[in-house]
Amino acid sequence: MVKENYKILKFFLKLIFSIFLGVSISFVIIQNNKDFKQLVQEKLTQSIKQSLVGCEVECQVGSVNLFSPKILLDFLKVGPKSNCEKKFGQNFADKNEGSSSSKGSYNKPFGWECRKLEIGFSIIDFMLGGVIDIHINVQNLKIKSFMIKDGKHFSLTVWPSIMSLFSGTSIEVPTLLKSFSVNRGEIFIEEESGGHDLSVVFSSITKNISGNYKTKISFFDGCMSAYSKKIFDKLSGSAGLDIFYKAQNLYFNLDCKCAVNLQFLSGNKTCFINGKWQEDQGFFDFTSQDKAFTFSPVKFYFINNNLYVDFGFEGDIGDLYDLLMTKKGDFSGKSYGKACLEFGDFGFGLTGNIKLENFKHKDLDICSLASLTFKNNKADHVGSISILRNDGLVINGDFNYDINKNNFSCEFINELEFKLPFLSNWNILPKSSRLKIHGLNGSVINGIAGNCSFCANNKATNSRVNISGDLTFKDNVFNVNGKFDDKKYELSFVTFPDINLKKFIYNDTSGATLLSINALDGDENKFNGFIKFQFLKFFIKNYFDYELLGDGDFKFYGMRKKDNFLLELNFQNGSVSFPNFYNFLNNFKISCKLDPYKKIIVAKNSIINLHKGFITSKKSVIKFDDSLNINYIYAPFIFNNCFINLKSDLFALLSGRMLLSKENNDCPLLKGLTIIERAHLKKNIFSEDERKKYFKGASAPKNNFLQDCACNISVVTKDPIKINTDFINTSANLDLVIKNKIFDPQLSGKIDFVAGSLAFPYKPLNITKGSMYFLQHQSSDPLIELVASNKINKYNVTMYVSGSMQNYNISFESSPPLSEEQIIALLIAGSAQESLNVIAPAIIMQSVKDSLFGSGESKFLGKNYLGKILKPFKNVRIVPSFVDQTGRGGLRGTLEVDLGERARASVQKNFSLSEDTRFELEYLLADDVSIRGVRRENGNIGGEVEMRWKL
């Protein structure tokens with residue numbers, strides 16, 4: 001019995017083995033049969049086509065394994081049907097014809113392609129579940145897709161095929177994708193218009209667990225570009241993706257940890273991306289490695305089928321500009337804010353606020369703080385803007401944006417007083433500046449239109465200027481037409497690819513052009529123009545309170561070279577005079593470079609020709625701060641043989657070298673050397689009032705820069721200055737240093753007088769020694785030392801002046817000795833007899849002081865008075881005198897006559913007594929010896945010999 005059972009079992013085993021062997025042999029024969037492979041290929045192609053509805057499929061079966069079972073494809077290509085290809089592909093082909101890309105080119109809206117694809121399934125699973133579970137392993141997968149806009153929504157053309165593949169379909173044999181793995185895949189997505197593209201290199205594995213797909217993705221590389229500008233590259237990291245249905249709705253969960261290099265970041269470009277998405281909401285964080293750029297937290301959620309995105313951000317303004325714009329803008333500053341994006345059937349809405357700090361374009365300050373608040377109100381966006389600059393400018397405004405009409409409108413106004421750059425005396429009054437802009441013809445698509453107005457006030461002259469204009473912006477051209485008070489102007493410039501001026505024209509009330517700047521035909525980077533002299537006079541008078549007289553032709557030529565402007569300024573045929581100087585400006589030529597971003601002006605090879613003399617400068621540099629105030633100057637210049645005439649009193653020829661400099665917040669400083677070649681002064685140099693008039697009375701622009709300008713100037717003379725007044729006639733050598741403010745100077749140094757004389761009525765005193773000493777902190781009260789002497793008749797008279805200008809001492813000496821009253825009488829009348837000095841000594845002495853320290857035009861001693869009266873009696877004098885100071889003894893008169901340098905005669909008569917007349921004749925044998933013959937009143941005749949000596 002046991003043996004029989006054993007035989008039966010053995011028989012069945014042999015039978016099973018034979019069947020298995022036969023089946024295996026059959027499987028081997030069948031799976032290697034070409035017809036079978038072809039049949040499998042056709043069925044597989046048909047199955048994929050039915051799963052991926054609307055797609056064309058090409059595949060090549062490499063091998064079939066009926067034991068596993070498994071199908072290995074050598075290649076697989078999936079794409080849209082030809083009608084879809086014609087619909088989407090032709091536009092893409094037209095746009096990319098003749099172009100190439102590192103990603104390759106194609107002309108289909110989407111496509112799948114792989115070189116190795118392995119499809120495995122289980123018969124047992126089919127027998128147990130009635131559905132064949134398919135396992136797919138892909139190598140070198142390439143997916144290409146368009147992103148198209150359908151109404152207000154965007155979608156991927158490859159997405160329907162992905163969903164069909166994952167959900168499976170029921171054909172002759174039901175199938176279900178159970179797992180899908182990709183070993184080295186690449187996805188390339190491009191926007192339908194060709195503006196954006198995305199490429200990702202990855203590997204992934206997807207499994208179907210209880211009807212839900214769970215995917216693990218590893219990223220090896222990736223990049224994104226917008227309009228040929230790379231946004232990011234070097235994508236790396238991993239992500240987990242779960243796709244599932246819930247209440248017949250499709251949901252997904254996402255968990256990612258990635259890193260990319262953001263190319264628009266100016267600092268560390270590495271940025272980390274962390275986040276999760278759970279069903280209908282997600283939280284993400286984008287932070288650069290150096291924390292300079294953050295886009296966090298980012299929250300996604302749905303309300304009433306509308307998608308909301310809440311986010312906060314912080315980063316460099318230049319980085320954000322480079323992200324949003326196609327061209328680098330060279331902006332800098334800090335930006336931060338919070339906002340909420342809403343996507344729905346109406347389109348999108350945005351609510352939030354943005355703040356900008358220290359906003360600059362290159363080195364040009366735009367604002368120190370700007371705040372933008374906006375709110376979505378149905379189809380409109382409304383908001384407000386506030387702008388604050390370091391120079392005190394505060395601008396507030398409101399705006400409205402109509403999404404449906406694509407129309408934008410806003411209005412700005414200055415809240416506070418604002419000082420104009422360069423024009424320190426001018427300011428914009430509060431709430432006097434307005435700017436209104438809106439869409440051109442009802443839509444910003446057509447362009448921008450608007451108007452502006454503001455009122456400027458000059459504090460120095462108490463005058464106002466009103467400026468208004470109508471503006472338009474269309475096709476990258478900005479135009480303004482308006483009025484400058486009652487005068488008209490036109491302004492036009494292009495904004496793309498670079499900002500370039502097209503024209504600026506300023507006309508007077510009659511329509512005559514006063515200022516014109518025009519771009520050259522065929523080259524918008526070059527321009528020329530002219531300025532009428534009457535406009536220069538008007539501008540300088542009204543804005544600097546300085547008046548120019550004369551005429552001339554001012555022309556200029558310029559060109560833009562990258563961010564710089566090269567200018568050549570020419571003034572010709574000029575005869576411009578400056579008040580109180582009376583020298584004429586004939587012409588000048590200046591070549592300069594202007595860098596508006598670095599705020600630098602460099603002038604080279606400047607030459608200014610005057611009617612008498614010229615000024616040259618090889619190189620000068622001026623820098624401005626963010627408020628366009630001058631904060632640096634280096635301007636050396638040389639002047640040669642320049643003529644000046646101050647108030648028709650001082651005539652001089654000057655040469656020398658100067659340096660005008662300024663550092664940051666320091667006051668400007670003018671220092672150098674001035675050489676007085678020749679000079680003639682018609683006013684009294686000893687007079688304090690005259691000195692103040694020259695230094696403080698000079699007409700100068702009412703400009704803070706000039707008023708604050710300090711000086712350190714050395715003044716020397718090449719030839720002595722000639723000084724001629726009614727009382728003083730001399731020459732002087734100067735060795736002075738002028739410091740402090742240029743219009744409130746302090747002098748140090750000395751003035752030495754060379755020869756000369758003091759003009760007294762009878763005979764001048766010759767200056768033998770004279771000096772003035774200026775102390776640095778006592779320049780208004782210099783020390784004086786003056787000695788003047790002469791021989792008058794038989795007397796050697798000497799005048800001494802000492803002390804300071806405000807506390808001086810004047811004394812007289814004579815040999816033989818005389819009293820000061822007698823000496824003054826000798827200087828006035830030529831006689832030492834007590835005469836007028838006895839009656840009015842104080843009046844005569846005061847007249848001497850006024851003549852020496854006053855204006856030089858003494859009312860008593862000057863040539864204009866006594867000199868003219870006594871001129872006909874130059875050699876004849878009538879001297880009245882009393883016997884004593886009480887008048888007792890009667891009135892006595894003397895008539896003196898000069899008979900030459902050494903001889904004189906006198907006749908004396910007492911009119912109160914009956915005495916005879918006295919006659920006297922005197923002759924000087926030498927300076928110290930004289931002989932005198934006398935006939936006295938009693939008739940006696942005598943003689944005298946007088947000798948003088950000093951011990």
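The values are calculated or read from the model by the stated rules, or taken from the named source; none is laboratory data. This structure is a prediction, so every number in the text was calculated from the model and none was measured. Glycine gets a Cβ as well: all are built from the backbone with ideal geometry, and neighbour counts include every protein chain shown.
One table, with the values for the structure above:
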item	result
Residue list for the range 255-296, restricted to those being crowded, with 16+ Cβ neighbours inside 10 Å and of a type in the set (K, R)	K269
Filter result (closer than 20 Å to D744 by Cα and in contact (Cβ under 8 Å) with a residue 60 or more places away in the chain) within the range 782-811	M805, Q806
Residue, modelled with the lowest pLDDT, within the range 766-795, restricted to residues that are part of a strand (DSSP E or B), aliphatic (A, V, I, L, M) and out of contact with any Ser or Thr (no Cβ under 6 Å at 6 or more places or on another chain)	I792
Selected residue [at pLDDT 95 or above and not assigned by TED's automatic domain parsing to the domain that holds T717] from I622, I630, I638, I644	I638
Single residue of E834, E857, E820, E813 found to be closer than 30 Å to V929 by Cβ and at pLDDT below 60	E834
Filter result for A449 (at pLDDT 90 or above, hydrophobic (A, V, I, L, M, F, W, C) and either over 24 Å from the mean Cα position of the chain (by Cα) or not in a strand (DSSP E or B) (or both))	yes
Residue match in the range 297-309 (condition: surrounded by 15 or more Cβ atoms within 10 Å (Cβ to Cβ), in a strand (DSSP E or B) and either among the aromatic types (F, W, Y) or under 32 Å from the mean Cα position of the chain (by Cα) (or both))	yes
Some residue of the range 476-491 being within 23 Å of N564 (Cα to Cα), surrounded by 14 or more Cβ atoms within 10 Å (Cβ to Cβ), in contact with a Phe, Trp or Tyr (Cβ under 7 Å, 6 or more places away or on another chain) and not aromatic (F, W, Y)	yes
All positions within the range 529-558 that are under 21 Å from N605 (Cβ atoms) and at pLDDT below 90	G552, D553
Pick from the range 626-660, criterion in a loop (DSSP other than H, G, I, E, B) and of a type outside the set (D, E, K, R), ranking: surrounded by the fewest Cβ atoms within 10 Å (Cβ to Cβ)	S648
Some residue of the range 491-500 being of a type in the set (S, T, N, Q), closer than 28 Å to K526 by Cα and without any contact (Cβ under 8 Å) to a residue 40 or more places away in the chain	yes
Selection count where residues are among the acidic types (D, E) and not in a strand (DSSP E or B), scope the range 722-765	1
Restricting the range 661-675 to residues that are at pLDDT 95 or above and of a type in the set (A, V, I, L, M, F, W, C), the residue that is surrounded by the most Cβ atoms within 10 Å (Cβ to Cβ)	I675
The range 549-589, residues that are outside any strand (DSSP E or B) and over 28 Å from N525 (Cβ atoms)	G550, D551, G552, N573, G574, S575, F578, P579, N580, F581, Y582, N583
Hits in the range 682-723 - residues which are among the aromatic types (F, W, Y) and at pLDDT 65 or above	F686, F705
I728 vs. criteria among the hydrophobic types (A, V, I, L, M, F, W, C), in contact with a Gly (Cβ under 7 Å, 6 or more places away or on another chain) and either farther than 30 Å from G830 by Cα or modelled with pLDDT under 90 (or both)	yes
Single residue of K561, K619, K623 found to be surrounded by fewer than 15 Cβ atoms within 10 Å (Cβ to Cβ), under 24 Å from the mean Cα position of the chain (by Cα) and under 22 Å from K662 (Cβ atoms)	K619
Hits in the range 383-408 - residues which are surrounded by fewer than 16 Cβ atoms within 10 Å (Cβ to Cβ) and within 23 Å of F359 (Cβ to Cβ)	S384, N390, G392, D398
Strands (runs of 3 or more DSSP E) lying entirely in the range 334-433 (those with 1 or more residues that are under 24 Å from G447 (Cα atoms) and either of a type outside the set (V, I, T) or over 23 Å from the mean Cα position of the chain (by Cα) (or both))	347-361, 364-377, 380-388, 394-402, 407-414
